[in-house]
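Just below is one structure, and these are the notes that go with it.
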Amino acid sequence: MATTTPVRKLTMARAISEGIGQEMERDPNVLVWGEDVGVYGGIFGATQELFQRFGPQRVIDTPISESAFIGAAIGASAEGLRPVVELMFVDFFGVAMDQIYNHLAKNHYMSGGSVRHPVVIMTAIGGGYSDAAQHSQSLYGLFAHLPGLKVVVPSNAYDAKGMMIAAIQDDNPVMYFFHKGLLGLGWMPSDDLAEVHVPEESYTVPLGQAQVAAQGSDVSVFAVGAMVPKAMRARENLRHQGISVEVIDLRTLVPLDRQSIIDSVRKTHRAIIVDEDYRSFGMSAEIAAVIAEEALEYLDTPIKRLAVPDVPIPYSRVLEQAVIPSVDHITEAIRQLTR
Amino acid sequence: MATTTPVRKLTMARAISEGIGQEMERDPNVLVWGEDVGVYGGIFGATQELFQRFGPQRVIDTPISESAFIGAAIGASAEGLRPVVELMFVDFFGVAMDQIYNHLAKNHYMSGGSVRHPVVIMTAIGGGYSDAAQHSQSLYGLFAHLPGLKVVVPSNAYDAKGMMIAAIQDDNPVMYFFHKGLLGLGWMPSDDLAEVHVPEESYTVPLGQAQVAAQGSDVSVFAVGAMVPKAMRARENLRHQGISVEVIDLRTLVPLDRQSIIDSVRKTHRAIIVDEDYRSFGMSAEIAAVIAEEALEYLDTPIKRLAVPDVPIPYSRVLEQAVIPSVDHITEAIRQLTR
Amino acid sequence: MDKQVSMYRTMCLIRAYEDKLAEIYTEGKTPLFSIAAGTIPGEMHLAAGQEPVAVGVISHLEQDDVVTAPHRPHHFAIAKGVDLRLMTAEIFGRQSGLSRGKGGHMHLFDPQSHFSCSGIVGAGFPPAVGAALAFSKQGRKNVAVAFAGEGAANQGTFHESLNLAALWKVPVIFVIEDNQYAISVPKGQSTAIAKNSDRAQAYGIPGVYIPGNDVLAIHEAAEEAISHARQGQGPTLLEIQTTRLYGHFQGDAEAYLQSGEKESWRQQDPIAKFRTHLLDHHYLTPEEDQLIQKEIQGLVDDAVKFARESPEPDIREAFLDVFAES
Amino acid sequence: MDKQVSMYRTMCLIRAYEDKLAEIYTEGKTPLFSIAAGTIPGEMHLAAGQEPVAVGVISHLEQDDVVTAPHRPHHFAIAKGVDLRLMTAEIFGRQSGLSRGKGGHMHLFDPQSHFSCSGIVGAGFPPAVGAALAFSKQGRKNVAVAFAGEGAANQGTFHESLNLAALWKVPVIFVIEDNQYAISVPKGQSTAIAKNSDRAQAYGIPGVYIPGNDVLAIHEAAEEAISHARQGQGPTLLEIQTTRLYGHFQGDAEAYLQSGEKESWRQQDPIAKFRTHLLDHHYLTPEEDQLIQKEIQGLVDDAVKFARESPEPDIREAFLDVFAES
Ligand SMILES: Cc1ncc(C[n+]2csc(CCOP(=O)(O)OP(=O)(O)O)c2C)c(N)n1
Ligand SMILES: Cc1ncc(C[n+]2csc(CCOP(=O)(O)OP(=O)(O)O)c2C)c(N)n1
Ligand SMILES: [Mg+2]
Ligand SMILES: [Mg+2]
């Protein structure tokens, strides 16, 4: 991320739409569709200005028919388009899942490699603003369980743009999860750690590479999306208490950068996974399992998981704050682990 | 399972339908619906003879409209019915998932406990007969990731009947997964270890309790469904090589019997999870994570996972056999772990 | 006549309630529509202007008839008789709310009045069919009514549910609220035909389009549909033209509307029109009207007061009710 | 006339192919329908009797027109020109199969002939709309055709896809094969109206029901639908009456059929009828017919031989193609 140009901070929403726009300029086969992606610019601004620039032929508002319009990306991509399709909230996946996981994800394999579906499904995740049980989930762990989908979860504007461009250029279906609380929307709380320098020119961030967000020696924190800046803040808290925290931004769950996980545990001997998805049978379990299989001998303490404790996301602010890992929760959990 | 009555072996399919039938006799609000559950008796025989006994008013063939007929169980159960609904193959969940996980699973929580949905969704899982990528999956790990659904996976006819009755009597939605390769169908290979004594009278097997399928001292194998008899056969192979294998049949993934997992690891100091679901972000990860969190100090070796290696299930017999854990795979994996 | 005044009263109550929530919604928020902050956090979909739909239909229902409603639920909830205090406390996320703060504005559940709603578009159709199935199995004379927006009529559940209901001939009425927009997408950009009610033909059931956002016309059409269902004649599909007087959600700048569109809706305010009708026919005097306004304002104020005074839920509440004890 | 004979020939090829697979399917199985065993493992859904649907429609298509097919795919695949050897090897699960044995009978993919199918009921509608969208964006004159059974018309994707296609006016034709059963469930128990083609009204598009399982009538109706689509006039819905001469899958005891039902279908064999028509009109002589039969038998035998001689895939194949290298 080193740069000689002046700093050009962008919100993550802006970075995403800039990435899409640059790909649309480069390749006429890149189209965008979904609900309210046109004049409205996407409920979360991920397609802002694209309609104005590229018009209704390439930026298409759809009916509320997720199976049909996500499934349409399958046939369209087989015939040469490279669709970027928005599923407004990941919480709605259940009305369209068959098209996603039984077809989009598997056709390449089932066809022996002869069919390709260069499709990006981008979707909003995360809670923290009282949108309750049907609009606040993360669920990337569920998609990562199913073969054939790349799963990316950027934590800042730089990665968001670079990974969007990489996702569009990828010949595989990519599930692109953006956390609402990182987008810089104004009407939604947003962590300003996500608003970073974003080069104007096109660039890619390779899918499948974790990043050491901050070095440390006492404990490794593994996270994606909004949990990364929260972990960074917890790290800062703990620095004052003499605890040196390494934060690993996994960035991509599929393919998973197992080596970076192992390397970090080998260095710190302690591991905590911080996750906004449900605790059980998800991301926090997978990272723990990777460590238990491949880095067990480096561990000084049991692995710790901090995640949504297997409850639906409650509406009430105080209840929601009790179940979504906060900076305080993370700080406390790390402290306990290093005690 | 000790019994003084003469042995009454039943196929698992027969045991399931017997359990449902006894509940239908007991409670007029128990109804069955789904595709081909009527005259046909269920593609996998799980509703055999129910139509003949209870008629079309209580055993209802549906159109191929899974969202509507599974969603109907939500409203029906809120108004007093206790539906047992068949989703023919779990692989089809994607056309109906919203009703299942956003509503059936969450309404109790979202209503502050005032709404109950005593619904059983029973569904067929598993491969091994060349039904390929869209008809051979297990996927219980995906459902276990989502709060509000009990998840049960019986491994034999005794448990199948008792857990079906427990599921129907439970006031919560229960996902009931039966493995096609345990049913005793005749036209489908079936492990005869699943065909065990089943008492004629009604009984329950409590949801949330694992069972030690066989004691052992060198290594613990954790499994559900068809992997249990396979693990038992691997155990037998290894006995001759002087390796003592404990097999834990988890039986229920939600609620998960963590104590039984920990107890077993404490005893054997080695753990392997054998799973027919996809390897990553699923059941094998969760069990590994539970151990890594709560029983790390008892482990002598890294945890091992044997599962479908994150590929869709291929059609070809030889390819399918390469990816679904077999008795030989299990034997070899345990041998490696205890070497 | 009494019935008309009673319907008028309910419409006024809904409007007063929605106006009050709109007012409170910006309370404690900087910027004005900051979604996570303030007395009422989260999304807020108000139904002002759509009162005729709820009142015209639901005034035929009994307490144990079922209503499933969408993400824009208040008018239906109030018409169905959901307790205003408990509902308001729920929307405020408080301990005394319907769900002790766990559901919120889009997830109001009231088994007492057989009311529920969902934040997922089109999700209310299947449960309504299921409730109707229960009624017919149990020999109850009840009906179920599923309400949804015109945008929801393009969701697969619409098709599956109407077919299933028609096939099973269960007592359910499907009501499409045609407020002409799904967020920013106008009906013409989402729906291949002009009237969803014509889709009834695809299921061999009656389909009626009711223009004019007129509570009396709605009441009449609903009467026929509901008695049809109660008599075991199966489902009906109604589509009702209406208008959305606030944005899709509070904070919606509505830049996508045609110029003048909103003003024309405002000029056709269904409550003002209904009031004129009642006054003209002397079903209502201005004095009675004032009394009604006062009374409903009292109810709204009382509910808001109740909600404000209710404590936040205890943190432990977050961990309860994932599963019921059998 | 040549066209008719050519259609007849394709129908005969399909039938010979299905009969041959039926024969081979029991090979190496004890009991007879043991699903995992034998030369052809897994489920087997044969389409004998349904040839007119595939041939009547697809004979209008070009190689780069798209077909999406359901779980019962062979007749469509053959009519679309999928290579018989590669397809057979795939069904045998062999290395030289279309997908090197990874797809199988329900998952035949042939980008060459723009053919694909799926084992999930109703899943082929959305991709066909998407292909048609691509054609219209790219200015190509192609069409996409989605085939599905009458049971699939009650799946949500049917509704969503028809609405989307009609709205976007893209060149796609939806063809419902009404073989009167979805596994054991008769159409009357799954579908609230008699004809799915009447559902076209719900989308403002033409809907045509074609009775008689008659390839010429189908060919004619399809011509209109396809040229309509090619000219940018948007989608059409066809429903075609047909008959399933084998069970739902091989091994289906069909205990659910009415007595005499199967026999009456057999007596109306569409190939026999078409042959009589051709002979009566002297479009075909018995000698020519014999030549055709011999030729197609040769093709089928050749394909089966090819498949039999092909090796099993290498185990490593199982781990390849989850992701494409970009
Ligand atoms: C399945 C699903 N898709 C998308 C959304 C996001 N969404 C919420 S409301 C809405 C528009 C609904 O329009 P309509 O049905 O006409 O109801 P209205 O808001 O006009 O009352 C959309 C797209 C959702 N909640 N659920
Ligand atoms: C979504 C889904 N539900 C159920 C099934 C199981 N299934 C496979 S074929 C079939 C019947 C299909 O009937 P129809 O569409 O009429 O086609 P036909 O078999 O008659 O050709 C069913 C229920 C499936 N494959 N996918
Ligand atoms: Mg609307
Ligand atoms: Mg059929």
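Taking label positions 7 Å along the Cα-Cβ direction at both A:Arg8 and A:Lys267, the computed distance is 3.0 nm, reported to one decimal.
Qualifying GluC sites (Glu not before Pro) in segment A:154-254, where qualification requires a DSSP coil assignment and no more than 16 other C-beta atoms within 10 Å, comprise A:Glu200, A:Glu201.
Our note on the geometry: Cα centres of segment B:31-91 and segment C:224-298, 41 Å apart.
Computed from the alpha carbon positions, the gyration tensor of segment D:2-308 leads to an equivalent ellipsoid with semi-axes of 28, 22, 21 Å, biggest first.
Rounded to the nearest whole Hz, the Karplus-based 3J(HN,Hα) values (6.51 cos²θ - 1.76 cosθ + 1.60, θ = phi - 60°) of segment B:133-147 follow the sequence 5, 10, 9, 9, 7, 10, 6, 4, x, 5, 5, 5, 6, 9, x, with x at glycine and proline.
Ordering A:Asp98, C:Asp280, B:Asp91, B:Asp36 from the fewest to the most neighbouring beta carbons within 10 Å gives C:Asp280, B:Asp36, B:Asp91, A:Asp98. Close amide H pairs (under 5 Å, H built 1.01 Å from N) link B:Tyr278 with B:Ser138, B:Leu139, residues at least 5 positions away or on another chain. When only Cα pairs below 8 angstrom with a gap of at least 6 residues are kept, segment D:92-210 shows a relative contact order of 19 percent. Projecting 7 Å from Cα along the Cα-to-Cβ direction, the label point of C:Glu223 sits 5.5 nm from its equivalents in the other copies, listed shortest first.
The Cβ shell under 14 Å around C:Tyr8 holds other residues with a net charge of -3, Lys and Arg each +1, Asp and Glu each -1. Taking every DSSP beta bridge that has both ends in segment B:211-338, the antiparallel portion is near 20%. Across the protein assembly as shown, Cα-Cα pairs more than 47 Å apart make up 32 percent of the total.
Each Cα pair under 8 Å and six or more residues apart adds its separation to the average, and for chain A the resulting relative contact order is 16 percent. Label zone (C:Gln63, point 7 Å along Cα-to-C-beta; backbone nitrogen cut-off 13 Å) within segment C:73-107: C:81-83. For chain A, taking Cα atoms only, Rg and Dmax work out to 19.3, 59 Å respectively.
For segment C:42-60, backbone nitrogen atoms closer than 13 Å to the point 7 Å from C:Ala272 Cα along Cα-to-C-beta are found at C:49. With label points defined 7 Å past Cα in the direction of Cβ, position D:Glu309 shows copy-to-copy spacings of 9.2 nm, given to one decimal and shortest first.
Rounded to the nearest 500, what is chain C's calculated 222 nm mean residue ellipticity when only DSSP H runs of at least 4 contribute -39500 (n - 2.57) each, over all residues?
Values: 10 runs with 132 residues, N = 326.
Calculated mean residue ellipticity at 222 nm is -13000 deg cm²/dmol.
Within 10 Å of each candidate Cβ there may be at most 13 other Cβ atoms; applying that plus a DSSP loop requirement, which GluC sites (Glu not before Pro) in segment D:1-77 survive?
Details: sites: D:Glu18, D:Glu23, D:Glu27, D:Glu43, D:Glu62; in loops: D:Glu27, D:Glu43, D:Glu62.
Here the sparse-neighbourhood loop sites are D:Glu27, D:Glu62.
Other residues lying with their Cβ under 11 Å from the Cβ of D:Glu309 contribute a combined charge of +3, Lys and Arg counting +1, Asp and Glu -1.
Over all other residues within a Cβ to Cβ distance under 13 Å of C:Ala253, the charged ones net out to -2, with Lys and Arg as +1 and Asp and Glu as -1. Annotation for segment D:91-121 versus segment A:117-166: alpha-carbon center distance of 31 Å. Taking 7 Å steps out from each Cα toward its Cβ at A:Glu201 and D:Thr285 produces label points 7.6 nm apart. Chain D's nearest residue to the axis relating it to C, judged by Cβ and reported with the distance in whole Å, is D:Gly156, 1.
Pairs exceeding 24 Å between alpha-carbon atoms, taken from A:Lys180/C:Lys29; C:Lys169/D:Lys169; A:Lys180/C:Lys102: C:Lys169/D:Lys169. Dividing the summed -39500 (n - 2.57) terms of all DSSP H runs of n ≥ 4 by the residue count of chain B sets its mean residue ellipticity at 222 nm at -9500 deg cm²/dmol.
In this simple spin-label approximation, A:Gln57 and D:Asp302 carry label points 7 Å from Cα along the Cα→Cβ vector, and these lie 4.5 nm apart. When both bridge partners sit in segment D:2-308, DSSP labels roughly 15% of those beta bridges antiparallel. D:Ala253 label point (Cα plus 7 Å toward Cβ) to equivalent points in the other copies: 6.8 nm, shortest first. For segment C:178-217, the square roots of the Cα gyration tensor eigenvalues, ordered a ≥ b ≥ c, give a/c of at least 1.5 with a/b no greater than b/c, which places it in the oblate category. When each of C:Glu317, C:Glu263 is scored by the number of other beta-carbon atoms lying within 10 Å, the sequence from fewest to most is C:Glu263, C:Glu317.
Coordinate-derived values only; no laboratory data. Every value quoted in this text rests on a predicted model; they were computed, and no experiment measured them. Here the Cβ is made from the backbone with ideal geometry for all residues, glycine too, and neighbour counts use every protein chain on show.
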